[in-house]
Amino acid sequence: MKESSLRVVVAITEAYPSLLATLCNVSPEFRQERFRSLAMLGLQAEGGAAFLQRPFSFAASESGVIDGRVPLGPIDFTIILNEAVPRLHEALKATPPRLRAERLRSLATIGVQIESGRIAVQPTREPVFEQAMPQPPLHMSL
């Protein structure tokens, strides 16, 4: 593994029901990529990105229940982050190693909530500067 790559072991448990339900429907070979895309969506939302339409969703359900059943057991996998996803890589590099898995789970959970339509993200409002009224020129007479 390159010096600039980050390796994070992530466990998704029933503490994250919507994330667990979403990822248990994804085949193991694609879970890492799906998880990375959800985390990127969460990171974009944190940065104030606007989503005008609800993104396409692979989410199983809002409650975490799939076809009337709750997914079995936790899902464990390793995420490798490198310069291929620069914003996510930089955000995780700035996070202490012991907190990286939790940060990724949080970002991915935000991503699932956006996909399911449970939360909407709007851009932060830019400050509006009022334009000062032009002052009439001063005329001096002697």
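Things worth noting here:
- Test for ALA101: is it surrounded by 10 or more Cβ atoms within 10 Å (Cβ to Cβ), modelled with pLDDT of 60 or more and under 30 Å from THR78 (Cα atoms): yes
- Selection count where residues are in a loop (DSSP other than H, G, I, E, B) and within 13 Å of the chain's Cα centre (by Cα), scope region 87-122: 3
- Count of region 14-36 residues, restricted to those that are polar (S, T, N, Q) and touching a helix residue (DSSP H, G or I) at 6+ places or on another chain (Cβ under 7 Å), is 2.
- When each of ALA39, ALA11 is tested for being at pLDDT 90 or above and over 14 Å from the mean Cα position of the chain (by Cα), the lone residue that passes is ALA11.
- The condition of being crowded, with 17+ Cβ neighbours inside 10 Å and farther than 15 Å from ILE110 by Cβ holds for only one of LEU6, LEU41, that being LEU6.
The values are calculated or read from the model by the stated rules, or taken from the named source; none is laboratory data. Everything numeric here is computed off the predicted structure, so don't read it as measured data. Don't worry about glycine lacking a Cβ; one is built from the backbone with ideal geometry, like all the others, and counts go over all protein chains shown.
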